[in-house]
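Written out below as structure tokens is the structure these notes cover.
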Amino acid sequence: MSRFSDVITLYDLAPVQDDEGITRNARVHEQEVFFNRHRVSMASRMAGSSEGIRRIASGEVRTIDYDGQESAVLDGLEYSVADANNQGDLTVLTLERRLSNG
């Protein structure tokens, strides 16, 4: 059994029109779930850096809590979900921040 040491916010972005007719991207399907952080090797960080990825994080969430969201907030930083590997009861998420993410 894994020990969940962090909390991560998972969400999708969808175009939403406000009362004035302006379309903006808004967070939908947002939920906070427990997250068990993994260490990311220096080799992975260097390989990501060469591809324009500023930061990489990895960890697992319970599969029942993950609904295929494409974005996440961890430690106040916004990430894109680059990969979600379902391993039965747990799903391993690989998160990345590309230069275009800010």
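Fully extending the segment from residue 9 to residue 38 would add 8.8 nm, taking 0.36 nm per residue of separation and subtracting the current Cα-Cα distance. Neighbours of residue 69, meaning other residues whose beta-carbon lies under 9 angstrom from its beta-carbon, give a summed charge of -4 when Lys and Arg score +1 and Asp and Glu score -1.
Projecting label points 7 angstrom from Cα along Cα→Cβ for residue 17 and residue 70 puts them 2.0 nm apart. Amide H contacts of residue 35: 5, 6, 7, 8, each under 5 Å away and 5 or more positions distant or on a separate chain (H built 1.01 Å from N in the peptide plane; Pro and chain starts excluded).
Each reported figure results from applying straightforward, stated rules to the coordinates on display, with no laboratory input. Note that the coordinates shown come from a computational prediction; the quantities given were computed from them, not determined experimentally. Glycine gets a Cβ as well: all are built from the backbone with ideal geometry, and neighbour counts include every protein chain shown.
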